[in-house]
Amino acid sequence: MLIHSMGVSVDGFIADREGAFGWTVPSDEQFRFHIAQIRELGGYLCGRRLYETMLPWETDPSMRDNELRAAFADIWCAIPKVVFSRTLNSVQGNARLAKAPVAEEAAAAFEATDKDVSIGGAGLAAAAIELGLVDELRMFRNPVVVGGGTPFLPPVAEDVPLDLIETRTFGSRVIYERYRRTRGESD
């Protein structure tokens, strides 16, 4: 399955109007949950900004300052990543630059693993959603309204039917919502 998972505001934004997303910092309980989810992945497709945001987990030893963060860093470093960028000439860590369109790179990621693959970065995920490639949406809905910014979901030309398959409320009052795309006969 191709999964799009992000922290969002109640009004559906992954970053506010200034590009800030500090309100999405997970509690320890939520971080453990993230670690368990990331451990299940066989690949990650990411846009440039997400890649750059996550790169310190692979390059900065200070990111391993406690047991939880070290566990996450170990898992994150092990996941093969494909970075979509028009501006980067090279990438670091367990990553490579995309050479093909998102549909082809997603297919290649699935061929390389028997696990789920995740996709992140607003523009990249939007393109995959528009192409009908995303199978699951996972939202960590934070108790804040930001009023604008980068949306979690793009505008779509047709309805995308979903089944709510899991919810969880964390002690921090963040609500996890997991939706699976309902595939019709023609999908």
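Of the beta bridges in the chain, as assigned by DSSP with both residues counted there, near 40 percent are antiparallel.
Computed across segment 15-72, the Kirkwood radius stands at 13.0 Å (inverse of mean 1/r, all Cα pairs). Under the shape rule built on the C-alpha gyration tensor, where the axes satisfy a ≥ b ≥ c, segment 2-181 is rounded, since a/c falls short of 1.5. Residues considered: 123, 149, 19. Largest GNM mean-square fluctuation over the chain, using C-alpha springs under 10 Å, is found at 19. Here the Karplus relation 6.51 cos²θ - 1.76 cosθ + 1.60, evaluated at θ = phi - 60°, turns the backbone of segment 142-151 into coupling constants of 8, x, 8, 10, 9, x, x, x, 8, x Hz, with x for every Gly and Pro. Rounded to the nearest 500, the helix-only mean residue ellipticity at 222 nm of the chain stands at -8000 deg cm²/dmol, with each DSSP H run of n ≥ 4 adding -39,500 (n - 2.57). Taking the chain as a Gaussian network of alpha-carbon nodes connected by springs under 10 Å, the highest mean-square fluctuation of the residues 58, 136, 111 belongs to 111. What percent do you get for the relative contact order of the chain when only Cα pairs under 8 Å and 6+ apart count? RCO, the chain: 34 percent.
Its Cα centre serving as origin, the chain has a Cβ charge dipole (Lys and Arg +1, Asp and Glu -1) of approximately 360 debye. Within the listed set 151, 80, 101, the Gaussian network model of the chain (springs between alpha-carbon atoms below 10 Å) gives the highest mean-square fluctuation for 101.
Quick note: the coordinates plus some simple rules give every number you see, no bench work behind them. This structure is a prediction, so every number in the text was calculated from the model and none was measured. All Cβ positions, glycine included, derive from the backbone under ideal geometry; neighbour counts span all protein chains shown.
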